[in-house]
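The values are calculated or read from the model by the stated rules, or taken from the named source; none is laboratory data. Just so we're clear, the structure is a prediction, and the values are computed from it rather than from any experiment. Cβ sites come from the backbone with ideal geometry, for glycine too, and all protein chains shown count toward neighbours. Heavy atoms of the whole protein, side chains included, go into the accessibility calculation; ligands, DNA and RNA do not. Shrake-Rupley method; radii C 1.70, N 1.55, O 1.52, S 1.80 Å.
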Amino acid sequence: MSDSPALVAQGLHKRFAVKGKAAPVMALQDVSLSVPAGALSAFVGPDGAGKTTLLRLACGLLRPDEGSLQVLGIDVVREPQAVQDRISYMPQRFGLYEDLSVQENLDLYADLHGVPADMRRERYARLLEMTDLKRFTARPAGKLSGGMKQKLGLACTLVRSPQLLLLDEPTVGVDPLSRRELWEI
């Protein structure tokens, strides 16, 4: 485990304007935390508690209104691309290309993340074995079950070796068996 935390937030605030309302909605208010490197950590709370907002801030997809946020020692506001180059993020509704096959989705994400061709064969074999998608590589992603889509989404986020993996409710909407398999992965 690294000595420096994977994520450090200090006094984070995030507000969103809502059409038809005078006052903005406060998604995060004065959030401070430190997430240790090498540990499995979870943000738990009801819908609307700000979990997804915090993850999107950590990915550099949103900017905080106040406070500071460092991921892997990098200031996310100043260098969002440097953070994005080192992490993988799987949103709650992962953006698979449903008309592409399982293999084509993996290839696309490998291309987007600059995974060298000589590393792909071994990495794909490991990911397809881990997710039990090996026999479905030619199937269009749109023809997969909900659980299989989530597994493919996870495989796509792991097609490179991120220093930090952020998962936003990866098991929501999947059957109990798929949920168990996803947590095992």
query: Do we have any residue at all in the stretch 166-177 that's in contact (Cβ under 8 Å) with a residue 12 or more places away in the chain, over 13 Å from the mean Cα position of the chain (by Cα) and assigned to a helix (DSSP H, G or I)?
result: yes
task: Within the stretch 161-177, track down each residue that is crowded, with 19+ Cβ neighbours inside 10 Å and either over 12 Å from Arg93 (Cα atoms) or modelled with pLDDT under 90 (or both).
output: Leu166, Pro170, Val174
- prompt: Of the residues that make up the stretch 128-139, is at least one aliphatic (A, V, I, L, M), open to solvent by 50 Å² or more (accessible area, probe 1.4 Å), in a loop (DSSP other than H, G, I, E, B) and modelled with pLDDT of 95 or more?
  reply: yes
field: Lone qualifier among Asp3, Asp75, Asp65, Asp47 - being farther than 21 Å from His113 by Cβ, open to solvent by less than 70 Å² (accessible area, probe 1.4 Å), of a type in the set (Asp, Glu) and more than 15 Å from the chain's Cα centre (by Cα)
entry: Asp75
message: I'm trying to understand the selection: among the residues of the stretch 131-163, which are in contact with a Lys or Arg (Cβ under 7 Å, 6 or more places away or on another chain) and under 23 Å from Thr53 (Cα atoms)?
response: Pro162, Gln163
message: Pairs needed: first member in the stretch 67-80, farther than 14 Å from Val31 by Cβ and in a loop (DSSP other than H, G, I, E, B); second member anywhere, open to solvent by 50 Å² or more (accessible area, probe 1.4 Å) and of a type in the set (Lys, Arg); C-beta distance under 9 Å; at least 6 residues apart or different chains.
response: Leu72/Arg86; Val77/Arg63
message: Restricting to the stretch 91-108, give me the number of residues that are surrounded by 21 or more Cβ atoms within 10 Å (Cβ to Cβ) and within 18 Å of the chain's Cα centre (by Cα).
response: 2
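Listed here are the residues, each with its yes/no results for (1) over 25 Å from Pro170 (Cα atoms); (2) in contact with a Lys or Arg (Cβ under 7 Å, 6 or more places away or on another chain); (3) of a type in the set (A, V, I, L, M).
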site: Leu12; (1), (2), (3): no, no, yes
site: Ala17; (1), (2), (3): yes, no, yes
site: Ala42; (1), (2), (3): no, no, yes
site: Pro46; (1), (2), (3): no, no, no
site: Lys51; (1), (2), (3): no, no, no
site: Arg63; (1), (2), (3): no, no, no
